Each structure stands twice: as C-alpha cells, then as structure tokens.
Amino acid sequence: MLTLEGVSKTYKTGTFGGKPLDAVRDVSFAVRPGEVVSLIGESGSGKSTIGKMILRLLPPTEGLVSFDGMDVTTLERGALKGYYRRVQGVFQDPFSSYNPIFKADRVLEQVKDGFFPRVPRGEWDRKVEEALHSVSLNPGDCLNKYPHQLSGGQLQRLLVARALLLEIELLVADEIISMLDASTRIDVLNLLGDLKGRGLGILFITHDLSLGHYLSDRIVILRRGRIVEMGGTERVFGNPLHPYTKMLLASVPQLHRKWSDEPDGVTDTSFDGAGELVEVEEDHLVALEDSA
C-alpha cells in the first residue's frame, strides 16, 4: 500500500545554506493493509521527517514515496485532496492541533466543510457519533467542549475519530502517546490495535521499544537517518543483529533492576557474543554501521 524507495532528505544549513545536513538517508520500507510497522529510533534520528514526507508536509530530496502505485510527491490539487481522504496523520502533542478559542469538535466540522459539504446535517451527525463511539468517546462528553476542558487522551482520540470520518486506509501515528499518562496510553494502543483489525495500515513512530513490541507486526530501527535493522517484531526483539539494536534493547529499564545496580560510567551498552552486558564506544558503533 505505502512504499518508500531510497528516500532521503537533506537540509541546507549554515549562513548561506552551503552546509548539507542529511536528516534521512536512503530509506526503503513498506506498509501493507492491516499491518502496523513501528519506526523506532532516538530523538533526531529522522523518524518524524519520514512521517512528514509521507504526509506531503515535506518534499523528499531523493527517492520515491508511493501509495497504491501513485507517486505522492507529484500529487496536486484534487489528486492531493483525494490522497488526504485515504492517508492522515496524528501527532505527538494533541493540544497543538486545536485552536483554544474554538470548541474542540471544530476539527470534525472542518472535515465536513472540506470533504463532505453536501452531506445532510442529520446524516453527518450520525457519522460523527459512530466515529466517536469507535474510539471509545461519548459524544456528550467531548462535543461542544473547548480543548482545555478535555484530557490529552480525549483530544488524541478525537483526532483519530477525525481521521476515521474520512474512511482512511493509512494512519501515520507520530509519537501519539508520548504525552499521555500510563492509563490512557494503553487505551490508545488498544484503539490502534482495533483499527489494525479493521484493515487499517499504521505507521507507528516511536522511540519506545516496549510500545513498538506491544503493537507491531514489523520493526524498522532508524539511526542517524538510516535504517540499521528491519524485520518481523519477534525476530528483531528476539535476535537483534545490529549493535545499535542490541544497545537499545539493553538500555530498556527492567523491573527487576535498579539504577543503583548499574555499573558506574556506562552510558552506551550492548550484548557481547555470550549475551553479557558490555560497554560500547560511540565511535566503534558508528564504525560498525559504516562497515555494514
């Protein structure tokens, strides 16, 4: 359904824009219908840049982003509007998507005005109620309310409901639960799992390995704008091949261990051949990636 082939994004930095900065380098992967693909990496690894290129918020410098065989980068006007009926994104900070002087359900009205202007009001209200119920929201609790009157979880689910009103086929979920409390996170994760069961393809962008493991069919590990490991979730987590993936897994806090039990001065860690936790120098890790 969604395919990225050799996608790169380079920014021009410096006083006169003469210094190139490679944010994404030669990234290729796909998302199939009814599949959750987790894009995992640390801050600054290029995860959100990839999501923005898929959503046409940024143009790629090189490579192809295609959806059902269409080159996304060439879509204009009506074709682009048709693309947004099938592909939508939800982002990390739900509050940033709302204008505080308007009621929160204005984001739903904008969908009607932009995509369904001829739908009768009664029919539209029924569609809104169905979409809200599908994301476990009570219409009476969230309609006609201002953003500050709703929780972060309610606002995030309202944005997912907005996407569902368009009957989308692909959702780009960019760190959508990072700002939510633990009890709300599981509700949103289970919602995404339910949407997956209905055939929706999901690109789940996160820096949290545990969230990716909980939800995903396939994992893409990103480091410094480049894919270093990719594969089925059980394979990547059960038998990581790249030193950076091993380091990430070794860095996940464990319930049976405390910070005070960690050896002093260890910042980057990985597994050696015997499965023991060892220190990994940053320069050595980069050298391993370059040789790979």
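Modelled this way, with points 7 Å down the Cα-to-C-beta line, the labels at residue 71 and residue 110 are 3.0 nm from one another. When the charge dipole of segment 102-195 is built from unit charges on Cβ atoms (+1 for Lys and Arg, -1 for Asp and Glu) and taken about the Cα centre, the candidate among 183, 144, 171 whose Cα reaches farthest toward its positive end is 144. Here the spin labels are modelled as points 7 Å beyond Cα on the Cα-Cβ line, and at residue 126 and residue 19 they lie 6.1 nm apart. Using the Karplus relation 6.51 cos²θ - 1.76 cosθ + 1.60 with θ = phi - 60°, the per-residue 3J(HN,Hα) values for segment 51-60 come to x, 5, 5, 5, 8, 6, 8, 9, x, x Hz, with x marking Gly and Pro.
Can you give the charge dipole size of the chain about its Cα centre, rounded to the nearest 20 debye, using +1 on the beta carbon of Lys and Arg and -1 on the beta carbon of Asp and Glu?
Roughly 1460 debye for the chain.
Here the 3J(HN,Hα) profile of segment 142-153, calculated from phi with Karplus coefficients 6.51, -1.76 and 1.60 at θ = phi - 60°, is 10, 7, 6, 10, 7, x, 6, 8, 10, 7, x, x Hz, Gly and Pro shown as x. Only lysine pairs 8 or more places apart or on separate chains count here, and in the chain those with Cα atoms under 13 Å apart total 4. Within the listed set 216, 134, 183, the residue fluctuating most in the Gaussian network model of the chain (springs between alpha-carbon atoms under 10 angstrom) is 183.
In a reduced charge model with +1 at each Lys and Arg Cβ and -1 at each Asp and Glu Cβ, segment 162-244 shows a dipole moment near 300 debye about its Cα centre. Between 107, 236, 119, the Gaussian network model of the chain with springs among Cα atoms under 10 angstrom shows the greatest mean-square fluctuation at 119. Applying the criteria of a DSSP loop state and at most 14 other Cβ atoms within 10 Å to the chymotrypsin sites (Phe, Trp or Tyr not before Pro) of segment 90-162 yields 102. Rounded to the nearest 500, the 222 nm mean residue ellipticity of the chain from helices alone is -10500 deg cm²/dmol, with -39,500 (n - 2.57) taken per DSSP H run of at least 4 residues.
Counting DSSP beta bridges with both partners in segment 2-240, what percentage is antiparallel, nearest 5? Please list the in-between numbers first.
Working: 22 of 40 bridges.
Taking every DSSP beta bridge within segment 2-240, about 55 percent pair in antiparallel fashion.
Within the listed set 131, 161, 79, the Gaussian network model of the chain (springs between alpha-carbon atoms below 10 Å) gives the highest mean-square fluctuation for 79. Karplus-based coupling profile of segment 187-196, in residue order and whole Hz: 5, 5, 4, 5, 4, 4, x, 5, 5, 4, with θ = phi - 60° in 6.51 cos²θ - 1.76 cosθ + 1.60 and x standing for Gly or Pro. Distance between the modelled labels on residue 101 and residue 43, one decimal in nanometres: 3.2 nm (7 Å Cα→Cβ projection). Annotation: extensible slack from residue 62 through residue 181 equals 39.0 nm (criterion: 0.36 nm per residue apart, minus Cα-Cα distance).
Between residue 239 and residue 198, what length in nm is gained on full extension when 0.36 nm per residue of separation is reduced by their alpha carbon distance? Provide the component values of the computation, followed by the final result.
Numbers: separation 41, 0.36 × 41 = 14.76 nm, distance 3.00 nm.
Roughly 11.8 nm would be gained on extension.
Here, each number is a calculation from the coordinates, and none is a lab measurement. From a predicted model like this one, the values you see are computed outputs, not experimental measurements. FYI the Cβ positions are ideal-geometry reconstructions off the backbone, even for glycines, and counts take in every protein chain you see.
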